[in-house]
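Worksheet: one structure, shown below.
None of the figures in this text is laboratory data; all of them are computed from the coordinates on show. Owing to the predicted nature of the structure, the values given are computational and were not obtained by experimental measurement. Note that we place each Cβ from the backbone using ideal geometry, even for glycine, and neighbour counts take in every protein chain shown.
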């Protein structure tokens, strides 16, 4: 495993801390090429992931076979720095790969997206934290629980953590966990926490295993802490070794856009299932006529297909644009970030609403446990309640920025969305 920035030369760039004014064209092309290789690899695992969907649902965790298959595509190295054997791929390609996985298993896609996006935050932190995190494998994974529900106190050399943090998606497949502390985040080895395996009793996105974790007098050294003021001040310690376009992209924008990928893929898969079933289904209301001849079904299906496809194209276009901007050494304005933030949340809401229009035309058999359509609906309902899906809140930030109204002062992860 490489241990210095000189072990893996960056194509076209001699210095890992090159200025933003450097020519990052070759870096961009390399990142896009890595993304295409990833997408090609994803196509080869979809049958495996689809075969694990029932296990995800039954056991409340994504099966190890699905996780191993995703590891093989390079998914968990997407945002790992090159110096640790990572890929630093273009975000839009990673997002599209998650969408395709979601068509096979929503929970697998959700866990894959959440576990991987945290690597981006680790790359912004102290180099010692990065060495510990990726010291054994570039596929290292961290789950998270950003809501500050536990307790912490500052002590000599770091912090002491106690209490319970909830909804840590994919914690069963993580080696580390990131815990929220309002204006800072703490990184803790999973071996230091107690996982409550009975805390995740849900009906939607059940396979994500978003369980609660409890800590008792766990010490977190300073270098395992992400002070959000560092991001606010453009003083991320990780930029000393990872000063490249990928890591200039807004972390909060990336994080809030990640659940959208699962939702778009889930909605796409749901529409495909509805289409396949409607081809052979006949109505039972005394006619026996083919469902495909129903003009209301035809219009609803056409609208849903167009809506979800348009949402997908908009989301990927936004992220191609943000990465291109970073590769030009430029920073997205607050207005641009708030637009992307709103459109990511809007995508979740719109995909959910499109499937609720389709659902009444799916027939009574759609409610059968064995029918994937009912699982699609449950998964979309759960995703609609995620913090990143708060379309109403995101709209407020976006339109206030349009009007030039003053933003809330920086205090925590939530207000950091506007600034960085």
Practice task
Along Cα→Cβ, 7 Å out, is where each label goes; now give me the distance between the ones at residue 279 and residue 203 in nm to one decimal.
Solution key: 3.1 nm
Problem - Share antiparallel - DSSP beta bridges, the chain, percent rounded to 5 - result: 85 percent
Handout entry: segment 142-227: relative contact order in percent, alpha carbon pairs under 8 Å with at least 6 residues between
Key = 36 percent
Practice task
Could you state the angle between the C-alpha long axis of helix 391-403 and the longest principal axis of the C-alpha atoms of the chain, as a value from 0 to 90 degrees rounded to the nearest 10?
Solution key: 60 degrees
Handout entry: Footprinting exposure proxy for 397, 390 (fewest neighbouring C-beta atoms within 10 Å first)
Key = 390, 397
Practice task
Specify whether the C-alpha gyration tensor of segment 267-420 places it in the rounded, prolate or oblate class, a ≥ b ≥ c being the square roots of the eigenvalues: rounded for a/c under 1.5, otherwise prolate if a/b is larger than b/c and oblate if not.
Solution key: prolate
Handout entry: Cα-based convex hull, segment 172-236, per residue volume (Å³, whole number)
Key = 119 Å³
Fill in the blank from the handout: Nearest 10, in degrees from 0 to 90: the angle of helix 106-123 to the longest Cα principal axis of the chain is 20 degrees
Practice task
May I ask you to compute the full-extension gain from residue 272 to residue 399, defined as 0.36 nm times their residue separation minus their alpha-carbon distance, rounded to one decimal in nm?
Solution key: 42.2 nm
Handout entry: Rounded to 10°, Cα long-axis angle of helix 295-327 versus longest principal axis of the chain
Key = 10 degrees
Fill in the blank from the handout: Expected sort for 232, 398 with the fewest Cβ neighbours (10 Å cutoff) up front is 232, 398
Completion exercise
Rounded to one decimal in Å, the inverse mean reciprocal Cα-Cα distance for segment 216-337, i.e. its Kirkwood radius, is 18.7 Å
Handout entry: Anisotropy class of segment 25-140 from Cα gyration tensor, a/c 1.5 cut
Key = oblate
Fill in the blank from the handout: Expressed as a whole-number percentage, the relative contact order of the chain with C-alpha contacts under 8 angstrom and at least six residues apart is 17 percent
Exercise for the section: Let me know the Rg and Dmax you get for the chain when you use only its Cα atoms, in Å. Expected result: 21.7, 77
Practice task
With an 8 Å cut-off on Cα pairs and a minimum separation of 6 or more residues, tell me the relative contact order of segment 246-419 in percent.
Solution key: 31 percent
Exercise for the section: Could you tell me whether segment 26-67 comes out rounded, prolate or oblate from its Cα gyration tensor? Rule is a ≥ b ≥ c as square roots of the eigenvalues, rounded for a/c under 1.5, then prolate if a/b exceeds b/c, otherwise oblate. Expected result: prolate
Exercise for the section: Mind checking the full-extension length gain between residue 217 and residue 324? Use 0.36 nm per residue of separation minus the Cα-Cα distance, one decimal, nm. Expected result: 34.1 nm
Problem - Footprinting exposure proxy for 381, 338, 70 (fewest neighbouring C-beta atoms within 10 Å first) - result: 381, 338, 70
Handout entry: Potential lengthening between residue 309 and residue 131 on full extension [0.36 nm per residue; Cα-Cα distance subtracted]
Key = 60.0 nm
Problem - residue 40 paired with residue 298, simple spin-label distance in nm, labels 7 Å along Cα-to-beta-carbon - result: 4.2 nm
